[in-house]
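Colleague: Take a look at the following structure, please.
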Number of protein chains: 2
Amino acid sequence: MNEKDKVKTYQFKAGTFHCDITGHLFVEQLGSMLLDSADYFAKEGGFGIQDLNQNQHSWYISRLAIEMNDMPKAHDDFLIETWVENVIKAFSSRNYCVKPIGGEPFGYVRSIWATVNTTTKQPVDVSSAGNGVVERYALPDKPCPIRKISRVHIQGDIPYVSSIITNYSDLDINGHFNSIKYIQHMLDLWDKDWYIEKQFKRIDIVYTAEAYFGEKLNFHRQEIDENTYRIRITKQLSDNNGDEKEICRAEICFKERL
Amino acid sequence: MNEKDKVKTYQFKAGTFHCDITGHLFVEQLGSMLLDSADYFAKEGGFGIQDLNQNQHSWYISRLAIEMNDMPKAHDDFLIETWVENVIKAFSSRNYCVKPIGGEPFGYVRSIWATVNTTTKQPVDVSSAGNGVVERYALPDKPCPIRKISRVHIQGDIPYVSSIITNYSDLDINGHFNSIKYIQHMLDLWDKDWYIEKQFKRIDIVYTAEAYFGEKLNFHRQEIDENTYRIRITKQLSDNNGDEKEICRAEICFKERL
């Protein structure tokens, strides 16, 4: 396979009603478009979720980093270019470039996906789950000029901020709490005036467990500096001890809005 | 202007990560695409929100009805065809057909928009706000085979269900509570098992007042029959009497999922 067949590009529009109070695309809308691009790519290659599901396998997102110099504005047409960086055992890394039709990229994205047996919930080698196809797309030398995804180390307990109960609209097609909805709920920890002063710069997310319908999720947040925060989302366990289990942790960086 | 220039068609994709647990496009995602289609149409005609804003005017959605035989499924490409039905004083009606690339329509949509002076909040004739352009697009005879939008009469108080505090992600580009987010929050009044048994059929919404960031919204719901519900959303006023003001009311119909 030659290199140009290993990179696929999808076009999107930043519709006004998918944009925030500043007129820029919501980060979670971009996030859904990124995962949709991965899904189209995999479907075209014969290793989409639906293909893997036939053998009780699926793709689970493990880590994600989105770093944006700028976000598409209302009415912007833009492109998401995506490629597989590497495949190692049960993990594959997929990168993305978000760019206007002409001009400098808006930003770059890195993601790590695991192939999992949906019955046993155990990892399965990508080469086995994907019938040896995925690794043929690997492009380890194509540049993705943002740093690797952080593991987001959080020491001990950090301050509790708020909770939600997961709803129907939070669930994805597999009935899991949608990986991108975490981003929406995390960004909702700041008020509208914050977003008038600051713009989103980068998020690193580590997904550690699944959440399901009707669960109580607790949001904890630690300020690292005035533009950098770490967040841990836990779910309330149904034991009577008030125990919580971490489902995801993230570091979010903002910058002054220009 | 001839008839074909008065009808515009936009293509969309039902991305997997914009679909619900049943694999169908979320109604609120379709809703945002409908409003985006109206926005593209108006922008191309020179009477978009940004054009009207230059003279301190804007489009406010007044009523909306979405009636779907079926919803697009994950990976479906589909079309939204839209046209202006009529213009009367400060109100214009815009209709939509949602259809696959080939085949029978998924459903139809009616909407009524008011042109408003953004400073005085008073209605302004569409002919004045739109510089006489909008009415030239009117196609009163093009069929839209669903009934007119209901005014959704609700008698007296109906049972309280739950509340939300409006977040950053609920706001549109104008800083108002996004008209389509009401639909998401209303559909979240049912649990995931409901949607496995039932599918969305129709919603009629009447928008009666604006909501803003940080307000408490109360959801009240009345069962009309096993598939039909009326909902009133109120906002808690900041007086000390616990008074509420209606911001929106709706009737939602479901049908058995095939």
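The values are calculated or read from the model by the stated rules, or taken from the named source; none is laboratory data. No experiment lies behind these values; they were computed from the predicted model shown. No Cβ is skipped: glycine too gets one built from the backbone with ideal geometry, and neighbour counts run over all protein chains shown. The protein model used for the area step is the full one, side chains on, heavy atoms only, and it has no ligands, DNA or RNA in it. Shrake-Rupley method; radii C 1.70, N 1.55, O 1.52, S 1.80 Å.
Colleague: Rounded to the nearest whole Å², what accessible area per residue is found for the range B:68-220 with the 1.4 Å probe?
Modeller: 42
Colleague: Once you charge only the Cβ atoms, +1 for Lys and Arg and -1 for Asp and Glu, what is the size of the charge dipole of chain B about its Cα centre, to the nearest 20 debye?
Modeller: For chain B, the charge dipole is close to 460 debye.
Colleague: To continue, here is another question. Could you size up the charge dipole of the range B:1-78 around its Cα centre, putting +1 on the beta carbon of Lys and Arg and -1 on that of Asp and Glu, and report it in debye to the nearest 20?
Modeller: Taking the Cα centre of the range B:1-78 as origin, the dipole is about 120 debye.
Colleague: Run through the other copies and list how far each one's label point is from that of B:Gln222, in nm with one decimal, shortest first; the point sits 7 Å from Cα along Cα-Cβ.
Modeller: Copy-to-copy label distances for B:Gln222: 5.2 nm.
Colleague: Given charges of +1 on the Cβ of Lys and Arg and -1 on the Cβ of Asp and Glu, with all other atoms neutral, how large is the dipole of the range B:112-258 about its Cα centre, in debye to the nearest 20?
Modeller: With Lys and Arg at +1 and Asp and Glu at -1, about 440 debye.
Colleague: As I understand it, the dipole of chain B uses +1 on the Cβ of Lys and Arg and -1 on the Cβ of Asp and Glu, about the Cα centre. Which of B:Ala14, B:Trp113, B:Leu171 lies farthest toward its positive end?
Modeller: Farthest towards the positive pole: B:Trp113.
Colleague: Below 8 Å between Cα atoms, with a sequence gap of 6+, how large is the relative contact order for chain B in percent?
Modeller: Averaging sequence separation for qualifying contacts and normalising by length gives 18 percent for chain B.
Colleague: Continuing with the same structure: Give the relative contact order (percent, whole number) for the range A:64-108; include only Cα pairs under 8 Å separated by 6+ residues.
Modeller: Relative contact order of the range A:64-108: 40 percent.
Colleague: A follow-up question, please. Quick one: Karplus J couplings for the range A:31-41, per residue in order, coefficients 6.51, -1.76, 1.60, θ = phi - 60°, nearest Hz, x for Gly and Pro?
Modeller: x, 5, 5, 4, 5, 4, 4, 4, 5, 4, 4
Colleague: Defining the label point at 7 Å along Cα→Cβ, can you sort the distances from A:Ile61 to the same site in each other copy, shortest first, in nm?
Modeller: Going from nearest to farthest copy, the values are 2.5 nm.
Colleague: Measuring label to label, 7 Å along Cα→Cβ, what does B:Cys253 give against each other copy in nm, shortest first?
Modeller: Sorted ascending, the copy-to-copy spacings read 5.4 nm.
Colleague: Ok, one more. Kindly compute the accessible surface that chains B and A hide from a 1.4 Å probe when together, both sides summed, and give it to the nearest 100 Å².
Modeller: 3900
Colleague: Taking springs between alpha-carbon atoms closer than 10 angstrom, which of B:Asp243, B:Asp20, B:Asp204 fluctuates most in the Gaussian network model of chain B?
Modeller: Residue with maximal mean-square fluctuation among B:Asp243, B:Asp20, B:Asp204: B:Asp243.
Colleague: Using a Cα-Cα cut-off of under 19 Å, which lysines could be cross-linked to B:Lys99, ignoring same-chain neighbours fewer than 8 residues away?
Modeller: B:Lys4, B:Lys6, B:Lys8, B:Lys13, B:Lys73, B:Lys142, B:Lys201
Colleague: Next question, about the same structure. Send over the per residue convex hull volume for chain A, Cα only, as a whole number of Å³.
Modeller: Taking only Cα atoms, chain A has a hull volume of 136 Å³ per residue.
Colleague: Here's something else I'd like to know. Checking the a/c ratio against 1.5 first, then a/b against b/c, what shape does the Cα gyration tensor give for the range B:1-145?
Modeller: Prolate is the answer for the range B:1-145, as a/c is 1.5 or above and a/b outweighs b/c.
Colleague: At a threshold of 8 angstrom on Cα-Cα distance, excluding pairs fewer than six apart, so keeping six or more, what relative contact order does the range A:27-152 reach in percent?
Modeller: Value for the range A:27-152: 27 percent.
Colleague: Next up: At a 1.4 Å probe, what is the % contribution of carbon and sulfur to the accessible area of the range A:157-258?
Modeller: The value for the range A:157-258 is 44 percent carbon and sulfur by accessible area.
Colleague: Quick check: Cα centre of the range A:200-243 to Cα centre of the range B:170-222, how many Å?
Modeller: After rounding, the separation between the Cα centres reads 25 Å.
Colleague: Right, another one. Please give the average number of partner chain Cβ atoms lying within 10 Å of the Cβ of each residue in A:164-170, rounded to a whole number.
Modeller: Per-residue shielding by partner chains comes out at 6.
Colleague: Based on Cα coordinates alone, diagonalise the gyration tensor for the range A:166-213, multiply each eigenvalue by 5, take square roots, and list the semi-axes in whole Å, largest first.
Modeller: 25, 13, 8
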